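Novice: Here's a structure for you.
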Amino acid sequence: MAGITISRQFGAGGITLGKMVADKLGYTFADNDIVQRVAKEANVSTNWVESFEKEAGSKLSRFISRMVSKRWVDRVLGDERGYLDEQIYLDYLVLIIAQLADEGDVVILGRGSQYILNDHPDAVHVLLVDELENRIKFMMDRYGMDIKKAQRTVSSEDHRRVSLYKRLGKTDYEDPRLYDLVLDMSQATLETARDMVCDLANQKEASKTTDNI
């Protein structure tokens, strides 16, 4: 099948669950792979893309995107180097996520993929939610953060998530109607969530096969 998109409130276990689902189904887990593909298409370093994703949506990045023209950057860097701003990033993001879906058998983490593949007949869309205190505790337990660092990280990533959706012109990213499955991770273990997502993907694949007979 095309694949599974996993959207989540940060700290709800999206990366961990995505890898677990991909391992069980034999799919590719696309997270850093998206960064690498954007970097290749834009002809910039992966560090640039990673830094851009962390800062995207901030006042500084919007200022730079407005004030620094590609022509000027091309003069400074030369033709052998690339360039990245918010619009170019979004253009490549849409292209690459569509390519991943066409390649099939992929779990795509975040980055508005549920919108980009909204009309794709072979995609399954999953949303993970959890209480703030649980998400902070997850970061402490899973990544060994102290409570202050976990709080800062969750807050920062929540802000970055909202910023991305604003750039996509979306405000309904937690509307359950966008998703095939919404999981409250305070009510499910990662193993249970993995099995539910895999079962849903397998059911959709089986349904597609039956329809083609």
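The values are calculated or read from the model by the stated rules, or taken from the named source; none is laboratory data. Note that the structure is a prediction, hence the values are computed from the model and not measured. Glycine also receives a Cβ, built like all others from the backbone with ideal geometry; neighbour counts cover every protein chain displayed.
Novice: Is it the case that Val182 is surrounded by fewer than 19 Cβ atoms within 10 Å (Cβ to Cβ) and touching a helix residue (DSSP H, G or I) at 6+ places or on another chain (Cβ under 6 Å)?
Specialist: Yes, satisfied.
Novice: Next question. Across region 163-174, which residue is surrounded by the fewest Cβ atoms within 10 Å (Cβ to Cβ) among those that are under 23 Å from Gly3 (Cβ atoms) and touching a residue at least 12 places away in the same chain (Cβ under 8 Å)?
Specialist: The extreme case among them is Glu174.
Novice: Scan (1) among the polar types (S, T, N, Q); (2) surrounded by 13 or more Cβ atoms within 10 Å (Cβ to Cβ); (3) modelled with pLDDT of 50 or more for the single condition Ser61 breaks and write down its number.
Specialist: (3)
Novice: State yes or no: is Arg161 out of contact with any strand residue (DSSP E or B) (no Cβ under 7 Å at 6 or more places or on another chain), part of a helix (DSSP H, G or I) and over 21 Å from Tyr92 (Cα atoms)?
Specialist: no
Novice: Name every residue in region 23-52 that is surrounded by fewer than 21 Cβ atoms within 10 Å (Cβ to Cβ), touching a residue at least 24 places away in the same chain (Cβ under 8 Å) and either on the phi > 0 side of the Ramachandran plot or touching a Phe, Trp or Tyr at 6+ places or on another chain (Cβ under 9 Å) (or both), in order of residue number.
Specialist: Result: Gly26, Arg37, Glu41, Ala42, Asn43, Val44.
Novice: Okay, next question. Would you point out which residue out of Val21, Val35, Val49 is of a type in the set (A, V, I, L, M), modelled with pLDDT of 95 or more and part of a helix (DSSP H, G or I)?
Specialist: Going through Val21, Val35, Val49 in turn, the sole match is Val21.
Novice: Pick from region 164-174 the residues that are assigned to a loop (DSSP other than H, G, I, E, B) and of a type in the set (Ser, Thr, Tyr): which of them is modelled with the highest pLDDT?
Specialist: Filtering region 164-174 for residues that are assigned to a loop (DSSP other than H, G, I, E, B) and of a type in the set (Ser, Thr, Tyr), the one modelled with the highest pLDDT comes out as Tyr173.
Novice: Further, regarding this structure: Is there a residue in region 119-139 that is modelled with pLDDT under 95, assigned to a loop (DSSP other than H, G, I, E, B), touching a strand residue (DSSP E or B) at 6+ places or on another chain (Cβ under 8 Å) and within 23 Å of Lys24 (Cα to Cα)?
Specialist: Yes - at least one qualifying residue is present in region 119-139.
Novice: Kindly list, by first and then second residue, each pair from a residue in region 77-91 that is more than 10 Å from Glu41 (Cβ to Cβ) and in a helix (DSSP H, G or I) to a residue that is at pLDDT below 50 and not β-branched (Val, Ile, Thr), limited to pairs with Cβ atoms under 7 Å and residues at least 6 apart or on different chains.
Specialist: Glu86/Ser61; Glu86/Ser65
Novice: Still on this structure, please answer the following. Give Arg194, Arg177 a once-over and let me know the one that is surrounded by fewer than 17 Cβ atoms within 10 Å (Cβ to Cβ), modelled with pLDDT of 85 or more and either within 21 Å of the chain's Cα centre (by Cα) or not in a strand (DSSP E or B) (or both).
Specialist: None of the others qualify; the one that does is Arg177.
Novice: Of the residues Lys170, Lys204, Lys137, which is over 14 Å from Arg8 (Cα atoms) and touching a Phe, Trp or Tyr at 6+ places or on another chain (Cβ under 7 Å)?
Specialist: Just one listed residue meets the conditions, Lys170.
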